[in-house]
Amino acid sequence: MRPHALLLLPLALLSPVLATTPPTILDAISNISNNTLSLNSSITTFRSESGNPLQLLPIVIHSSSLLASIKSGTNTAKASANLTFDETVAVAGATQSLVSNVQSTLSNIIAAKPLFNRELVSPVIYLDLELDKQATDQFSEAVISKVPSALQGLAQQIVAPVDTAFDAALAAYKGQI
C-alpha cells in the first residue's frame, strides 16, 4: 500500500457514516432560510422590473421550494432528539437570522401587492401565504418541542415576530379570493 493511501483510509472508513448522517434541525433551518432568501430575491426582481409577468415563474418555483423545505424541516424536527442547551443556543441564533429573512420577504410581498393585483395573482399569493403560515407554525411547534422546557418560552418569543409578519401579509391580501 502506498503511504498517501494510508492518509485516505480514515476518510474511506468514515464516508459511509458521514453519508448516512440524518439532517439536523440546524440543517432544516439553513435550508428554509436559503429558500426564503431565494423567494425574496425573486420578489424583489419582480418588483424592480415593475411586475414583469415573466418574473412570476421564479416566484412560483421558489415559493414551492420554500413550502417543501418547511414541511421537510418539520419532519426533521419531529424525528430529532431533544436539543441540548448548546444545540438550543445554536438553533436560536439560526432562528433569529431566519426570522429576519422571513420578515424581509413578507414585507416585500406586501410591497408587491399592487403589481400582483395587476397580474391578477393576488388570490394565489393569499392562498400561498396561508399555506406557508400553517407550515411555519407546524415547524415552529416541532422545533420548540425539542427545546429544553425551561427555554421553550424564550423560543416562542424568538419566533413570535414571524407570526406578526405573517398576520400583516395576510391582512394585506385578505379578501383577494
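The values are calculated or read from the model by the stated rules, or taken from the named source; none is laboratory data. For clarity, every value in this text was computed on a predicted model and none was experimentally measured. No Cβ is skipped: glycine too gets one built from the backbone with ideal geometry, and neighbour counts run over all protein chains shown.
Out of all the residues in region 154-171, is one or more modelled with pLDDT of 95 or more and closer than 14 Å to ALA28 by Cα? No, region 154-171 has no match at all. Scan region 120-177 for residues that are hydrophobic (A, V, I, L, M, F, W, C) and not in a helix (DSSP H, G or I) and the total you get is 4. Residues of region 58-80 that are touching a residue at least 60 places away in the same chain (Cβ under 8 Å) and within 9 Å of the chain's Cα centre (by Cα): LEU66, LEU67, ILE70, GLY73. Residues in region 44-57 that are in contact (Cβ under 8 Å) with a residue 12 or more places away in the chain and out of contact with any Phe, Trp or Tyr (no Cβ under 8 Å at 6 or more places or on another chain): THR44, THR45, PHE46, ARG47, SER50, PRO53. Only one of the numbered conditions (1) buried (at least 16 other Cβ atoms within 10 Å of the Cβ); (2) modelled with pLDDT of 95 or more; (3) closer than 30 Å to ALA142 by Cβ is not met by PRO23, and that is (2).
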